[in-house]
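A short write-up of the structure that comes next.
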Amino acid sequence: MPAKIFSMEARQDGGARLALNYKHAGRSGIQRLSCDLPQAGLLQLVLFAEALSLRKRFGQLVASDVSVEGLVVSYDPAQRDLHVERQAGYSRQTAFVPVEVFQSEMAGMTDICIAQAEASKHGAALKHLLAGCTAPAKLEELLGQDEADLAMHQLREIALLLLAQEASARGSALGRQLRGKKSQEQARQAVSGLVLELAAELVPVSA
């Protein structure tokens with residue numbers, strides 16, 4: 001089996017190892033760009049990949065990038081490939097990876113991060129509240145029912161990743177709301193509010 005151009009390998013500490021094989025202009029042979037990402041860094045890369053996928057679904061493609069541990073991944077709607085840059089000390093590597101290849105490999109990492117969020121202290125409660133969030137009417141108007149359902153599924157996944165991280169932070173107000181019996185309505189409003197906020201970023205103002 002030929003080696004993958006781009007690969008992500010999960011690590012036991014919750015992070016991942018990224019590897020990208022590329023051809024460097026002016027040099028013979030195949031070069032390799034690689035780095036280890038901590039759990040928080042992997043989450044940022046997953047959120048970047050999910051946002052790219054959602055914006056593509058809505059036709060709202062915009063330039064964006066994510067920076068993690070000396071690694072910068074950039075997207076330009078005018079290009080077919082993502083630009084990847086790795087800075088380690090005085091060493092700098094740059095390469096490109098097709099968006100489709102990146103998204104395909106990141107799907108496995110997304111599943112891992114979602115499983116971690118669901119297994120977190122407040123994961124079950126957040127998942128329950130997210131299941132009760134209804135899709136904004138504009139989604140179905142823009143995409144049709146089937147695509148709107150898929151978009152809403154992705155919105156809930158992104159919200160779960162963000163909220164699980166927030167709720168687990170020390171002194172988190174959301175964490176306190178989720179734990180308290182009398183503050184469940186506040187928690188529900190916070191969860192629903194984030195989903196609506198994420199959806200609003202994708203729905204054109206004119207819609």
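Things to note:
- Among the residues of region 54-73, those identified as touching a Ser or Thr at 6+ places or on another chain (Cβ under 9 Å) and either loosely packed, with under 14 Cβ neighbours inside 10 Å or in a helix (DSSP H, G or I) (or both) are 55, 63, 65.
- Selection of first residues in region 119-140 that are free of Cβ contacts under 8 Å to residues at least 40 places away in the same chain and of second residues that are crowded, with 19+ Cβ neighbours inside 10 Å, restricted to Cβ pairs under 6 Å at least 6 apart or on distinct chains, gives the following pairs, ordered by first then second residue: 140/148.
- Residue match in region 92-106 (condition: open to solvent by 70 Å² or more (accessible area, probe 1.4 Å) and outside any helix (DSSP H, G or I)): yes
- Among the residues making up region 153-173, those that are in contact (Cβ under 8 Å) with a residue 24 or more places away in the chain and among the hydrophobic types (A, V, I, L, M, F, W, C) are 155, 158, 159, 160, 161, 162, 163, 164, 167.
- Residue count for region 12-32 under the criterion of being modelled with pLDDT of 95 or more and either out of contact with any strand residue (DSSP E or B) (no Cβ under 7 Å at 6 or more places or on another chain) or assigned to a loop (DSSP other than H, G, I, E, B) (or both): the result is 0.
- Residues located in region 76-91, provided they are surrounded by 14 or more Cβ atoms within 10 Å (Cβ to Cβ) and out of contact with any helix residue (DSSP H, G or I) (no Cβ under 6 Å at 6 or more places or on another chain): 76, 81, 83, 84, 85, 86, 87
- Helices (runs of 4 or more DSSP H) enclosed by region 134-207 - at least 1 residues per element that are open to solvent by less than 90 Å² (accessible area, probe 1.4 Å) and closer than 26 Å to residue 62 by Cα: 137-143, 145-168, 184-200
- Within region 107-118, considering residues that are among the aliphatic types (A, V, I, L, M) and free of Cβ contacts under 8 Å to residues at least 60 places away in the same chain, the one surrounded by the fewest Cβ atoms within 10 Å (Cβ to Cβ): 115
The values are calculated or read from the model by the stated rules, or taken from the named source; none is laboratory data. Since this is a predicted model, take the numbers as computed values, not measurements. Here Cβ is always computed from backbone atoms with ideal geometry, including for glycine, and neighbour counts include all displayed protein chains. With ligands, DNA and RNA removed, areas are computed over all heavy atoms of the protein, side chains included. Shrake-Rupley method; radii C 1.70, N 1.55, O 1.52, S 1.80 Å.
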